[in-house]
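Engineer: What follows is a single structure, and I will ask about it in a moment.
The values are calculated or read from the model by the stated rules, or taken from the named source; none is laboratory data. Keep in mind it's a predicted model, so treat the numbers as computed, not measured. Here the Cβ is made from the backbone with ideal geometry for all residues, glycine too, and neighbour counts use every protein chain on show.
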Amino acid sequence: MENFTFQEKVGKFLKRYGNVKKLGLGRFEEHNRILPFIVENEDQKFAVFAFHWKKSIGTNTIIRTEHRISEMNCDGAIIIGNRFSQNSYDMVSDANKKGRKSIILIKTTELDEILGIDSA
C-alpha cells in the first residue's frame, strides 16, 4: 500500500469522529510516519499518529506519543499501525486505567474493516 493511499484511509476514518485537521509542522524522528492529524468535536480533541511501518510499534513510540499529546494540549491520542508489541498494549492499558491521557491503538487491518475495505 502506498503512503498516499494509507494517508487517505486515515483521513476518511477520522472524518467519522469529528473535524479533522492535518498538521503540517512537527518533529519527524519516526521514519515513514505520515503527518499527524488532530480530530476534534465539541467534547474532545485527539492527536492521531499513523505509522506506515511493517515492524511492530513498541513502548518507545507510546512514550513519545504521551509526551506529544501533552505538548499539543490534547485529551488523548489514536495510534494507527500494522502491529503493536504486547508491551505497548500493556503500557496503554495501564495508562488508560490510571486516568492519564487516553490512548487508542488501531491496527491497519481494523481500520480496513471499519471502512469496509478488503485488505487481502
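Engineer: Would a scan of the stretch 85-99 turn up a residue that is part of a strand (DSSP E or B) and either of a type in the set (Lys, Arg) or in contact with a helix residue (DSSP H, G or I) (Cβ under 6 Å, 6 or more places away or on another chain) (or both)?
Structural biologist: no
Engineer: Tell me, which residue of the stretch 50-62 that is modelled with pLDDT of 90 or more and in a strand (DSSP E or B) is surrounded by the most Cβ atoms within 10 Å (Cβ to Cβ)? Even if it seems obvious, please write down each step before you answer.
Structural biologist: Kept after step one, since they are modelled with pLDDT of 90 or more, are these residues of the stretch 50-62: 56-62.
Of the ones still in play, those that are also in a strand (DSSP E or B) are 56-57.
On the way: SER56: 14, ILE57: 22.
Taking the candidates together, the pick is ILE57.
Engineer: Would you be able to tell me the number of residues in the stretch 85-99 that are in contact with a strand residue (DSSP E or B) (Cβ under 9 Å, 6 or more places away or on another chain) and within 24 Å of GLU40 (Cβ to Cβ)?
Structural biologist: Qualifying residue count for the region: 3.
Engineer: Now for a separate question. Of the residues that sit in the stretch 1-27 and are within 20 Å of THR108 (Cβ to Cβ) and at pLDDT below 80, which one is surrounded by the most Cβ atoms within 10 Å (Cβ to Cβ)?
Structural biologist: PHE6
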